[in-house]
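No value in this document is a laboratory result; all are computed from the given coordinates. The model shown is predicted, which means the values in this text are computed figures rather than measured ones. In this analysis, Cβ positions are derived from the backbone assuming ideal geometry, glycine residues included, and neighbour counts consider all displayed protein chains.
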């Protein structure tokens, strides 16, 4: 188990994440939501104390246990699946920040539940994310999250608990006396890469690996972002592309657990921006249901690259937060099916309207599902002037 000192460092890094991911300064009397799984109780207590010392108003909410969540989806009728708690809308309209502490005691307990039921609830609750996205765009809200090691995660990753915990500790700099400074150092190094990427006039990217042959168009008015404090840890540099410019084949060699379901060997064929064929070695029916969750679920909302020089994560972790930041021998790229990030808009995002997003090709969906490829790959930028340039190879950005 993480020591008291490590938990205190984790709390400091998470609060750094809240500050860093906000475009405006945190203010006294801001309202913060701390959502946590039961094994993360002690970390929630430490964060509550730190937020109170800062003059903030922390609101703590315990997530449903696996038993509670299973019972809900087994017993809920059609009205209960979409029921909205009175008071949630004004609460989220006043919220200034959220910290999510994930420590799942099970990741497969919903495997027997019809994905349509889970999807119906997700779509009904999407309005909360829409509210928070708009507040984020106005600089009124920020969020961050982390994951604590549990036996369930270790078991599904095929690691001992001790080995799993070591991955968490080194990835989140909990073995450093000054973890926040370590985060700042990575942020500074990544800033050089982001500035360089944003200086390139890219028409489209070509991603090539043994099982990937994909073209992605960044689109107009975009910027590369990442390592911004939203996720702890975070080593990815990404963009929300114009979904209409995606074509070709994408393959996820990393397994993915979602809503209790395991998907392995996901292969997606894109044409004119949409998935036209979805196959998987395992979990194919679930994959096919997810890409039809809503109109945007079959489109790409994110394209990301991780430099192996930043990330020390070198094992499959059975958790997207860590797997999408895999470093290992060849880094990783991943796409996310579903919703895009307005943070990647290069203009004033507070003026970004729904119509503007549609015109620019920002995707909208209740789904956001990261699918990771860790194969050795080359990413080539095709510039608008007709030239080409390799920007990523052998797990590293090539500046």
* Could you tell me what percent of the DSSP beta bridges with both partners in the chain are antiparallel, to the nearest 5? => 75
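With the Cα gyration tensor of segment 24-74 in hand, convert its eigenvalues to equivalent ellipsoid semi-axes via √(5λ) and list them largest first in whole Å.
Taking √(5λ) for each Cα gyration eigenvalue gives 28, 12, 6 Å.
Whole-Å semi-axes of segment 90-183's equivalent ellipsoid, largest first, each the root of 5 times a Cα gyration tensor eigenvalue?
Semi-axes (√(5λ), whole Å): 29, 25, 8.
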* How would you classify segment 216-259 from its alpha-carbon gyration tensor, with a ≥ b ≥ c the square roots of the eigenvalues: rounded for a/c under 1.5, else prolate if a/b is greater than b/c, otherwise oblate? -> oblate
* Asked: For segment 159-272, rounded, prolate or oblate, judged on the Cα gyration tensor with a ≥ b ≥ c (square roots of eigenvalues), a/c < 1.5 rounded, else prolate if a/b > b/c?
  -> oblate
* Peptide ranges 142-150, 235-243 listed from the most packed, as the mean C-beta count within 10 angstrom indicates -> 235-243, 142-150
* Structure fact -> If each part is reduced to its alpha-carbon centroid, segment 60-121 and segment 326-352 end up apart, in Å, by 25
* Take every Cα-Cα distance within segment 188-397, group them into 10 Å bins from 0 onward, and report for each bin the whole-number percent of pairs it holds. => 9, 38, 40, 14, 0
* To do: Would you please classify the overall shape of segment 4-180 from the alpha carbon gyration tensor, given that a ≥ b ≥ c denote the square roots of the eigenvalues, rounded means a/c under 1.5, and beyond that prolate means a/b larger than b/c while oblate covers the rest?
  => oblate
